[in-house]
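The values are calculated or read from the model by the stated rules, or taken from the named source; none is laboratory data. Predicted model, so just to flag it, every value in this text is computed and none were measured. Neighbour counts run over all protein chains shown; Cβ positions are idealised from the backbone, glycine included.
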Ligand SMILES: [Zn+2]
């Protein structure tokens, strides 16, 4: 029996295989970001988020800034958009750190691309700006690097 397998079995028996090894369905970058969020005391739950919008739609991801809990809807692994979903919620995590538990707009110069507008224009006021910022970063080609930098800057 090889050592990695033993390691997995031992961790699984403590119920913390995600914590040490990353999500089994996530790729290396996904798991790196997941681990960073866990290091900054965010709990990540792979469950259907306990929220639906006015149209009855369950979101791909959700963050509760008070409890520092992130929900990732398992459907994103089937849809192939797990990474942008986690990046989006990681932006909200950075906003949470910036506001000390109250979600707060970051001081950034990135504008949301036109094609992302339908995703946040139905929000209003401050919430719209918060979402616009998450979609703006999520849509960047180097979104992972940007959000890692933001987490390190605001969550230290
Ligand atoms: Zn959002």
Next item on the list: Could you check, for segment 141-153, whether at least one of its residues is closer than 16 Å to residue 85 by Cβ, touching a helix residue (DSSP H, G or I) at 6+ places or on another chain (Cβ under 6 Å) and either within 12 Å of the ligand (Cβ to nearest atom) or part of a loop (DSSP other than H, G, I, E, B) (or both)?
Entry: no
Notebook entry, point to check: Going through segment 60-84 one residue at a time, which ones are more than 15 Å from residue 103 (Cβ to Cβ) and within 13 Å of the ligand (Cβ to nearest atom)?
Noted result: 60, 71, 72, 73, 84
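Name the residue, out of 107, 53, that is part of a loop (DSSP other than H, G, I, E, B), surrounded by fewer than 12 Cβ atoms within 10 Å (Cβ to Cβ), more than 15 Å from the ligand (Cβ to nearest atom) and modelled with pLDDT under 95. Before the answer, list the steps.
Working: 53 fails: more than 15 Å from the ligand (Cβ to nearest atom).
Testing whether each residue is part of a loop (DSSP other than H, G, I, E, B), surrounded by fewer than 12 Cβ atoms within 10 Å (Cβ to Cβ), more than 15 Å from the ligand (Cβ to nearest atom) and modelled with pLDDT under 95 leaves just 107.
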Notebook entry, point to check: Hey, does segment 36-43 have a residue that's within 16 Å of the ligand (Cβ to nearest atom), assigned to a helix (DSSP H, G or I) and touching a residue at least 40 places away in the same chain (Cβ under 8 Å)?
Noted result: yes
Margin query: Just checking, does segment 36-46 include any residue being at pLDDT 65 or above, touching a helix residue (DSSP H, G or I) at 6+ places or on another chain (Cβ under 9 Å) and farther than 20 Å from residue 97 by Cα?
Written below: yes
Next item on the list: Only one of these is assigned to a loop (DSSP other than H, G, I, E, B), within 13 Å of the ligand (Cβ to nearest atom) and either over 19 Å from residue 42 (Cα atoms) or under 17 Å from the mean Cα position of the chain (by Cα) (or both): 135, 123. Name it.
Entry: 123
